[in-house]
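First up is the structure itself, then whatever we jot down about it.
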Amino acid sequence: MLITRHEEARAVLSDIRYVPPPVRQDAPEGTLAWLRARVSRFSTGAAHAERRRLVTELLAALDPGALRSAARAMTLERHGDWQGVPTAVLGRALGVDDAAKLVAAVEAASTGYLSGVVGPEADAGVAELVRLLPGEEAETVARVCVLLQAHTAIAGLVGNALAHARPGDTVEALLHETLRQDPPLKATRRLDLRTGDEVVIDLVAANRDPDVFPEAARFDPARGETPHLTFGYGVRPCPAPAHALALAAGVLDALPEES
Ligand code: HEM
C-alpha cells in the first residue's frame, strides 16, 4: 500500500501495529547485517525503547550550536569542500579524530544501511567503525547508528539546499523549505502486523499535501518551519532534527551565497 496523504501518513507512523520491516537476526558479528539487527532504527518493542534511550542519551551530550560552529570551521578550512564534513564533525564529537578513516568507513557502510543491500565493502566499513568506536557493544552500536543515520541524510539535505539557494535566503529558511519540498529521504516503510502487508509512506507526496501546504509544489523559503514529515513522526521520529539542522547549517554558513 502506498500512503501519500499527510494525515494518513501521521496515523500510520503513530500506530504501533505498523513496524519497520524485520531485518535478518543471525548475521556474523561485525557485519552490516549484524549492525542492522542491533540498531534502534530497525527494532521494535522493548529492544527499540532501550536502543532509542541510548541514542537519545548520546545525542543529549552533543550541543547543536557547537556542531554548527565546528562544521562551519571545517568547511572553511577545506576551502568549501564540504563533502564528509558533517560526518567528520559528528565523529569528532563522538571521540574519533581520524576523519579520513572515519568518513571512508561510514561511506562504505551507509550505502546499504537503510536498503539492506549488504556486501564485503559494507561489512569492512562496519568492522572499521566498530574498531574506531570501542566500548560496550550497545554503546558502540548506538554511536555507529548515529553516524550512519546522519551521513547520507545530511549530505542530501545540504546538496538539495544548495540546488535551491537564492541570494537573500537565510540558512534556516532555506533548510526548512528544502526539508519539506525536496527532502533527502523520499520514503519510509512499515509492515502492517495485522495483514503482513508492506506500507510505503511517500514523504515527498505527504509534504506536498494540498490540504496542509498551500501551493505545495512551490519552493518558498518564506514559509518558515512547517509540519513536514521528513524527520518522521509518531512512534519513532528522528531523534536528531536539531543536530541535523545544525550540521547542515554550519556547512552552509561557510559557503558563499552564489555557490
Ligand atoms: C537531514 C537529516 C536527517 C533526516 C531527514 C532524518 C530523518 C529520519 C527519519 C525519517 C527517521 C525515522 C524513520 C522512520 O520512521 O521510518 C530517522 C530516524 C533516526 N535518525 Fe534521523 N534524520 C536525519 C539526520 C539524523 C542525524 C544527524 C542523526 C544523528 C545525529 C539521526 C539519527 C537518527 C536515529 C538514531 C534514528 C532512529 C530512531 C529510532 O528508530 O528510534 N538522524 N531519521
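Observations on the structure shown:
For (1) open to solvent by less than 50 Å² (accessible area, probe 1.4 Å); (2) within 14 Å of the ligand (Cβ to nearest atom); (3) assigned to a loop (DSSP other than H, G, I, E, B); (4) at pLDDT below 95, each residue gets a yes or a no:
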| site | (1), (2), (3), (4) |
| --- | --- |
| LEU175 | yes, yes, no, no |
| ARG194 | no, no, yes, no |
| VAL204 | yes, yes, no, no |
| PRO214 | no, no, yes, no |
| GLY232 | yes, yes, yes, no |
| ALA242 | no, yes, no, no |
| ALA248 | yes, yes, no, no |
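- Scanning region 216-230 for residues that are open to solvent by 40 Å² or more (accessible area, probe 1.4 Å) and either within 14 Å of the ligand (Cβ to nearest atom) or part of a loop (DSSP other than H, G, I, E, B) (or both) turns up ALA217, ARG218, PHE219, GLU225, PRO227.
- Subset of region 1-52 [under 23 Å from ALA105 (Cβ atoms) and over 19 Å from the mean Cα position of the chain (by Cα)]: ARG24, ALA27, PRO28, GLU29, GLY30, THR31, TRP34
- Selection of first residues in region 56-68 that are without any contact (Cβ under 8 Å) to a residue 24 or more places away in the chain and of second residues that are assigned to a helix (DSSP H, G or I) and within 11 Å of the ligand (Cβ to nearest atom), restricted to Cβ pairs under 6 Å at least 6 apart or on distinct chains, gives an empty result.
- Restricting region 1-24 to residues that are among the hydrophobic types (A, V, I, L, M, F, W, C) and assigned to a helix (DSSP H, G or I), the residue that is nearest to the ligand (Cβ to nearest atom): LEU13
- Top-ranked residue in region 43-62 [being open to solvent by 30 Å² or more (accessible area, probe 1.4 Å) and within 18 Å of ASP97 (Cα to Cα); ranked as farthest from the ligand (Cβ to nearest atom)]: ALA61
- Scanning region 114-135 for residues that are more than 17 Å from GLU29 (Cβ to Cβ) and within 18 Å of the chain's Cα centre (by Cα) gives LEU114, SER115, GLY116, VAL117.
The values are calculated or read from the model by the stated rules, or taken from the named source; none is laboratory data. For clarity, every value in this text was computed on a predicted model and none was experimentally measured. Ideal geometry is used to build each Cβ from the backbone, glycine not excepted, and the neighbour counts take in all protein chains shown. With ligands, DNA and RNA removed, areas are computed over all heavy atoms of the protein, side chains included. Shrake-Rupley method; radii C 1.70, N 1.55, O 1.52, S 1.80 Å.
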